[in-house]
Amino acid sequence: MEVATVNLTLGNVERKFLYRKDTNDESVIAHALKNSAYDLGRLRRAKEIFDLYDLLVRSGKAPLIIDAAANIGASTVYFALAFPKARLVAIEPEQRNFDLLASNTADLPVECLHAGIAASAGVSNVVDPGNPGCHTAAPDDRTKAVHSSAGVSISEIYERNAKNTLPFIVKIDIERCEGKMFAANPEWVDRTPIIIIQLSDCLISGTENSRAFVEYSTGCNRDFFYLYDNIFSIAREIKLN
């Protein structure tokens with residue numbers, strides 16, 4: 001599979017970005033970088049969010065952004081350039097995606113973890129639809145290649161980085177697995193000012209993947225906004241944790 005380079009211009013920053021031609025990598029890049037699907041400036045509470053970022057920076061600890069799953073790094077690069085004083089942890093279990101992720105973020109303040117995101121540390125089930133970088137494979141393709149990998153939890157990442165960071169953003173795009181994230185040990189939600197999640201019920205119907213997220217969210221003091229296919233869950237009372 002041919003690896004190509006695209007020249008990105010984000011604001012006043014130019015950088016090279018690696019991707020695989022004629023794969024879903026192209027739509028991943030368009031989603032995160034061309035369409036700015038994660039642009040918090042489009043939300044009504046944008047000023048509060050950017051004020052929080054400034055407050056976190058002034059606190060002496062870096063705002064912590066977790067990108068799970070990071071794929072080839074398009075969303076990670078977007079966040080790193082949008083919030084240059086943040087520290088990022090990018091999680092990606094698929095080896096070929098991870099290799100590109102590591103290359104695309106090599107000169108940025110990003111820690112890349114070759115692991116799957118899980119409700120608790122240990123083992124995570126990972127769906128490999130067979131097309132590297134693919135997030136839109138047909139349901140019957142998704143079920144053909146499920147393997148296990150090392151699992152890392154949001155809470156574990158928070159504790160590991162507690163000395164130098166404070167929680168800021170968690171972005172979740174873990175198709176078919178988001179239910180497990182909120183069915184057990186979701187205490188990290190209350191510590192997270194901004195959660196960006198893409199739910200997969202529309203892609204894999206009949207699985208109730210979104211049910212745990214919806215049920216847990218009803219008891220949370222949070223606002224919900226929709227942009228493209230992402231849900232932005234923002235704490236109504238934004239404060240330092």
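Taking the numbered list (1) open to solvent by less than 40 Å² (accessible area, probe 1.4 Å); (2) over 25 Å from residue 168 (Cβ atoms); (3) touching a helix residue (DSSP H, G or I) at 6+ places or on another chain (Cβ under 9 Å) in turn, residue 3 passes all entries but (1).
Kindly check whether there is at least one residue in region 101-109 that is of a type outside the set (Gly, Ala, Ser) and open to solvent by 50 Å² or more (accessible area, probe 1.4 Å). Yes. Note on region 1-104: enclosed helices (runs of 4 or more DSSP H) holding 3 or more residues that are of a type in the set (A, V, I, L, M, F, W, C) are 46-58, 74-82, 95-104.
For residue 179, indicate whether it is small (Gly, Ala, Ser), at pLDDT below 80, part of a loop (DSSP other than H, G, I, E, B) and out of contact with any Gly (no Cβ under 6 Å at 6 or more places or on another chain). Give the steps one after another, and end with the answer.
Details: small (Gly, Ala, Ser): yes; at pLDDT below 80: yes; part of a loop (DSSP other than H, G, I, E, B): no; out of contact with any Gly (no Cβ under 6 Å at 6 or more places or on another chain): yes.
No, not satisfied.
Beta carbons closer than 6 Å, at least 6 apart along the sequence or on distinct chains, pair a first residue in region 40-62 that is under 17 Å from residue 161 (Cα atoms) and touching a residue at least 40 places away in the same chain (Cβ under 8 Å) with a second that is surrounded by 14 or more Cβ atoms within 10 Å (Cβ to Cβ) and among the β-branched types (Val, Ile, Thr) for 61/165; 62/165.
Out of all the residues in region 6-28, which are touching a strand residue (DSSP E or B) at 6+ places or on another chain (Cβ under 9 Å) and open to solvent by 20 Å² or more (accessible area, probe 1.4 Å)?
At the first step, the residues of region 6-28 found to be touching a strand residue (DSSP E or B) at 6+ places or on another chain (Cβ under 9 Å) are 6-9, 14-21, 25-26, 28.
Listed by number, the residues that qualify are 6, 7, 9, 14, 15, 16, 18, 19, 21, 26, 28.
Taking the numbered list (1) at pLDDT 95 or above; (2) surrounded by fewer than 24 Cβ atoms within 10 Å (Cβ to Cβ) in turn, residue 66 passes all entries but (2).
Flag: residue 26 matches the condition of being farther than 23 Å from residue 195 by Cα, without any contact (Cβ under 8 Å) to a residue 24 or more places away in the chain and within 18 Å of the chain's Cα centre (by Cα).
The values are calculated or read from the model by the stated rules, or taken from the named source; none is laboratory data. Quick caveat, the model's predicted, so the values are computed rather than measured. Cβ: placed from backbone, ideal geometry, glycine included. Neighbour counts: every protein chain shown. These area figures cover heavy atoms from the full protein model, side chains too; ligands, DNA and RNA do not enter into them. Shrake-Rupley method; radii C 1.70, N 1.55, O 1.52, S 1.80 Å.
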